[in-house]
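For reference, the structure discussed in these notes is given below.
The values are calculated or read from the model by the stated rules, or taken from the named source; none is laboratory data. Keep in mind that what you see is a predicted model, and the values were worked out from it rather than measured. Here Cβ is always computed from backbone atoms with ideal geometry, including for glycine, and neighbour counts include all displayed protein chains. The accessibility values were calculated without ligands, DNA or RNA, using every heavy atom of the protein model including side chains. Shrake-Rupley method; radii C 1.70, N 1.55, O 1.52, S 1.80 Å.
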Amino acid sequence: FGHIESAMPAAQPHAVSRLRAARLARSAKPFVARGSNSERCPGCRVVFSHCLCALRPVVPTTAGVCLIMFDIEPLKPTNTGWLIADVVPETFAFGWARTEVDPALLALLADPQWQPYVVFPGEFVDPARVVNTLPPALPAGKRPLFVLLDATWPEARKMFRKSPFLNHLPVLSLQSEQLSRYRLRRSKRDDHFCTSEVAALCLELAGETHAAQTLEAYLDVFTSHYLSAKRLVPADLDDAAHQRLRALAVAG
């Protein structure tokens, strides 16, 4: 794995895109998404007929997001960490390995401009480390950095247990009553959120309401395009998700 720069606006490769390229470069054979026979747009990972690159919203935020991604997660077209990097300019992405840590990740977590919070369910953590909300004001010069373990739930638990470099950080345990709307991968529980949903909840908690709502709408638009392509029907550019994303763009 290697250090991936902060996500960049417009068409330039962002954090997760760069991590994907680095991971592909190390692959012994091409990665082929399950059930995929069509060429995908490199900018949005959807087949070209349903590309949504023109709809990508970028919302500047004070908060940042640090994605620590399990092995092939950046390669999956259904990965939603990519959507976070699309929307939030201050997004960073790193690959995870059990035996080594990217020095650049350690440097980011120690950067005095950031106050990192590992986002993880509090029921699995020493209560002394757990917080359920952010303080009304961070120390001068500090910005919240939400550290998300981008993986399946079993993988994320493994990453949390075997990442001692995170042990000194506070753990943000989200208390949301909403149910996941993510429809591209199966989960046995409706209260298990995909990565972009978690990021939206964090942004809302940090007072970044417009960014949170935009990320939620963008997930819905991405899901609409992805499933329409899978069903071989045109994307409905005037459905509720697209209308909401356009309205948020105007409001922004």
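List the residue pairs whose Cβ atoms are under 8 Å apart, where the first residue sits in the stretch 46-62 and is farther than 14 Å from Leu215 by Cα, the second is among the acidic types (Asp, Glu) and surrounded by 14 or more Cβ atoms within 10 Å (Cβ to Cβ), and the two are 6 or more positions apart or on different chains.
Thr62/Glu208
If you check Glu123 against the conditions, is it open to solvent by 60 Å² or more (accessible area, probe 1.4 Å) and of a type outside the set (S, T, N, Q)? Working first, answer last.
Numbers: open to solvent by 60 Å² or more (accessible area, probe 1.4 Å): yes; of a type outside the set (S, T, N, Q): yes.
Against the criterion (open to solvent by 60 Å² or more (accessible area, probe 1.4 Å) and of a type outside the set (S, T, N, Q)), Glu123 qualifies.
Looking only at the stretch 103-120, count how many residues are in a loop (DSSP other than H, G, I, E, B) and surrounded by fewer than 18 Cβ atoms within 10 Å (Cβ to Cβ). Even if it seems obvious, please write down each step before you answer.
Our first condition is that a residue be in a loop (DSSP other than H, G, I, E, B); within the stretch 103-120, this holds for 111-113, 120.
Keeping just the survivors that are surrounded by fewer than 18 Cβ atoms within 10 Å (Cβ to Cβ) gives 111-113.
Summing the residues that are in a loop (DSSP other than H, G, I, E, B) and surrounded by fewer than 18 Cβ atoms within 10 Å (Cβ to Cβ) in the stretch 103-120 gives 3.
Just to be sure, is Val221 at pLDDT 95 or above, surrounded by fewer than 19 Cβ atoms within 10 Å (Cβ to Cβ) and among the β-branched types (Val, Ile, Thr)?
No: the conditions fail for Val221.
Is it the case that some residue within the stretch 81-91 is open to solvent by 20 Å² or more (accessible area, probe 1.4 Å) and either assigned to a strand (DSSP E or B) or farther than 16 Å from Ser196 by Cβ (or both)? Before you say what the answer is, go through the steps one by one.
Of all residues in the stretch 81-91, those open to solvent by 20 Å² or more (accessible area, probe 1.4 Å) come to 89-90.
Keeping just the survivors that are either assigned to a strand (DSSP E or B) or farther than 16 Å from Ser196 by Cβ (or both) gives none.
Checked the stretch 81-91: no residue is open to solvent by 20 Å² or more (accessible area, probe 1.4 Å) and either assigned to a strand (DSSP E or B) or farther than 16 Å from Ser196 by Cβ (or both).
Residues in the stretch 139-157: is at least one more than 20 Å from the chain's Cα centre (by Cα), modelled with pLDDT under 90 and on the phi < 0 side of the Ramachandran plot?
Yes, there is a match, as at least one residue in the stretch 139-157 is more than 20 Å from the chain's Cα centre (by Cα), modelled with pLDDT under 90 and on the phi < 0 side of the Ramachandran plot.
Consider Arg183 against the criteria (1) over 21 Å from Ala247 (Cα atoms); (2) at pLDDT 65 or above; (3) open to solvent by 70 Å² or more (accessible area, probe 1.4 Å): it satisfies all of them except one. Which criterion is unmet?
Result: Arg183 passes all but (2).
Looking only at the stretch 126-171, which residues are of a type in the set (Lys, Arg), in a helix (DSSP H, G or I) and open to solvent by 80 Å² or more (accessible area, probe 1.4 Å)?
Hits for the stretch 126-171 are Arg157, Arg161.
Could you please find all residues in the stretch 148-168 being touching a strand residue (DSSP E or B) at 6+ places or on another chain (Cβ under 7 Å) and farther than 22 Å from Pro103 by Cβ?
From the stretch 148-168, those touching a strand residue (DSSP E or B) at 6+ places or on another chain (Cβ under 7 Å) are 148-151, 155-156, 159-160, 166; that's our starting set.
Within the stretch 148-168, Glu155, Ala156 qualify.
Which condition number in (1) open to solvent by less than 70 Å² (accessible area, probe 1.4 Å); (2) under 17 Å from Arg20 (Cα atoms) is the one that Glu39 fails?
Going through the list (1) open to solvent by less than 70 Å² (accessible area, probe 1.4 Å); (2) under 17 Å from Arg20 (Cα atoms), Glu39 breaks only (1).
Looking for something touching a residue at least 60 places away in the same chain (Cβ under 8 Å) and over 19 Å from Val16 (Cβ atoms) - is there at least one such residue anywhere in the stretch 68-84?
No, every residue in the stretch 68-84 fails to be touching a residue at least 60 places away in the same chain (Cβ under 8 Å) and over 19 Å from Val16 (Cβ atoms).
Does the stretch 229-252 hold any residues that are touching a His at 6+ places or on another chain (Cβ under 6 Å) and either open to solvent by less than 20 Å² (accessible area, probe 1.4 Å) or assigned to a helix (DSSP H, G or I) (or both), and which are they?
Once the filter is applied, which keeps residues that are touching a His at 6+ places or on another chain (Cβ under 6 Å) and either open to solvent by less than 20 Å² (accessible area, probe 1.4 Å) or assigned to a helix (DSSP H, G or I) (or both), the stretch 229-252 yields only Ala229.
Given the criterion open to solvent by less than 40 Å² (accessible area, probe 1.4 Å), assigned to a loop (DSSP other than H, G, I, E, B) and at pLDDT below 95, identify the matching residue among Thr61, Thr78.
Testing whether each residue is open to solvent by less than 40 Å² (accessible area, probe 1.4 Å), assigned to a loop (DSSP other than H, G, I, E, B) and at pLDDT below 95 leaves just Thr78.
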